[in-house]
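Enquirer: Quick one: this structure, given as structure tokens, is what I'll be asking you about.
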Amino acid sequence: MKLFGSLTSPYVRRLRIWLENTDYEFVALDVFSSEGRAQLESVSPARKIPLLQLGKETIFDSRIIFSFLNKKLQREELTLDDENTLSLIDEANQAYVHLFMLSKSGVDTHQDSFYFNLQREHINNLLLHFEGMVSAGHFKQWNYPAICLFCLLDWIDFRHLENLENTPALKEFRDKHQDHEYVQLTNPR
């Protein structure tokens, strides 16, 4: 079993943390270098990470990778609420990744335009929703949804995309999980 990904991707990091104490090979790619892009293209027509190779089979999406491995390893049972929460975390992740990539490409993502205003509104609503969930006691168990939320929050801090001071429950949630061994081993800083 071989997991391909970058050292900084929140989608890759969530799988690496969840796979704690599981035997697999991690292939770190620098997706911003021409060599890394070429290596990624050789294993993925979409040039997206993460991807998991299992012999001749390849899985191209983090949610599908998790679902497949979770069924195979019989680790946790997700409820419909858990699945919906993962979808919301993925929505926030995707919005932040788009803004990050555009900013990295030299686009002013703080401009007053329909797309950027919509993305910021989308992100703000989701962060407030997660703030309420954490405040209400959700994410107490260190399971896949909690790992995904942690990886999102830590990535937006790492990339300087958001200041969590306005969402104290989220900041506290992120800070309290910093000492986990695999959180430290996968820290992109």
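Enquirer: Among the hydrophobic types (A, V, I, L, M, F, W, C), outside the structural domain of Lys171 (by TED's automatic domain parsing) and over 18 Å from the mean Cα position of the chain (by Cα): is that true of Leu118 in this structure?
Expert: no
Enquirer: State the number of residues belonging to the stretch 103-149 that are acidic (Asp, Glu) and surrounded by 14 or more Cβ atoms within 10 Å (Cβ to Cβ).
Expert: 1
Enquirer: Quick test for you: out of Phe130, Phe150, Phe100, Phe139, pick the one residue that is of a type in the set (Phe, Trp, Tyr) and farther than 19 Å from Phe173 by Cβ.
Expert: Phe100
Enquirer: Pick out the one residue from Arg159, Arg174 that is at pLDDT 95 or above, surrounded by 19 or more Cβ atoms within 10 Å (Cβ to Cβ) and not β-branched (Val, Ile, Thr).
Expert: The conditions single out Arg174.
Enquirer: For the stretch 34-44, does any single residue satisfy the condition of being loosely packed, with under 14 Cβ neighbours inside 10 Å, at pLDDT 95 or above and either in a helix (DSSP H, G or I) or in contact with a strand residue (DSSP E or B) (Cβ under 6 Å, 6 or more places away or on another chain) (or both)?
Expert: No: zero hits.
The values are calculated or read from the model by the stated rules, or taken from the named source; none is laboratory data. Computed from a predicted model, the values in this text were never measured in an experiment. FYI the Cβ positions are ideal-geometry reconstructions off the backbone, even for glycines, and counts take in every protein chain you see.
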